[in-house]
Amino acid sequence: METIHKIGRRKTAVARVYVSEGKGNITINKRDLTNYFTTPTLQYKVKQPLVLTENETSFDIKVNVFGGGITGQAEAIRLALARVMCAINEEHRLVLKPEGLLTRDPRMVERKKFGQKKARKKFQFSKR
């Protein structure tokens, strides 16, 4: 099996994932998974597609991720890994789709408008 490359996005985070045959090593920006994502919740989010498809120790994964915060980055990686699992075996789609792992979350930060304090907040209004 050659290397499979997929992209995942969430908010402003972009994750490029390269998956090849291996022993289950996950490297994110040249750092180990437990080093990069210190909380167990984020580690679980990243591993979720692998756990659901029972491929935790089958592949070596290299990730380049930038932009956004750590939660957005973890969810971007999760989407990319879910896409890779579907590319490897189309039957994984039946497991991942009901969990919502193949859906690109479209929610982005709303832009700030001119003449306002923030996106929705206005300056204080005085009638008199």
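The values are calculated or read from the model by the stated rules, or taken from the named source; none is laboratory data. Here the structure is a predicted model, which means the values were calculated and not measured. Ideal geometry is used to build each Cβ from the backbone, glycine not excepted, and the neighbour counts take in all protein chains shown.
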- Item | Residue satisfying all of: in region 1-33; basic (Lys, Arg) and over 13 Å from the mean Cα position of the chain (by Cα); farthest from Lys62 (Cα to Cα) among these | Lys23
- Of the numbered conditions (1) among the hydrophobic types (A, V, I, L, M, F, W, C); (2) loosely packed, with under 11 Cβ neighbours inside 10 Å; (3) in contact (Cβ under 8 Å) with a residue 12 or more places away in the chain, Phe114 satisfies every one except a single condition; which is it? (3)
- Note on the structure: The correct count of residues that are in a loop (DSSP other than H, G, I, E, B), on the phi < 0 side of the Ramachandran plot and among the charged types (D, E, K, R) in region 1-53 is 2
- Item | Looking only at region 78-128, and only at residues there that are polar (S, T, N, Q) and more than 13 Å from the chain's Cα centre (by Cα), the one that is nearest to Ser58 (Cα to Cα) | Asn89
- Task: Hey, can you tell me all the residues within region 54-83 that are part of a helix (DSSP H, G or I), of a type in the set (Val, Ile, Thr) and under 18 Å from Thr3 (Cα atoms)?
- Result: Ile77
- Starting from residues that are surrounded by fewer than 19 Cβ atoms within 10 Å (Cβ to Cβ) and within 17 Å of Arg9 (Cα to Cα), keep the ones in region 49-67 and report whichever is farthest from the chain's Cα centre (by Cα). Lys62
- Which residue out of Glu75, Glu90, Glu99 is in contact with an Asp or Glu (Cβ under 8 Å, 6 or more places away or on another chain) and either modelled with pLDDT under 95 or surrounded by 11 or more Cβ atoms within 10 Å (Cβ to Cβ) (or both)? Glu75
- Query: Can you tell me which residues in region 1-43 are under 13 Å from Leu81 (Cα atoms) and among the aromatic types (Phe, Trp, Tyr)?
  - Reply: Tyr18
- Exclusive hit being in contact with a helix residue (DSSP H, G or I) (Cβ under 7 Å, 6 or more places away or on another chain), modelled with pLDDT of 90 or more and surrounded by 21 or more Cβ atoms within 10 Å (Cβ to Cβ), set Ile70, Ile28: Ile28
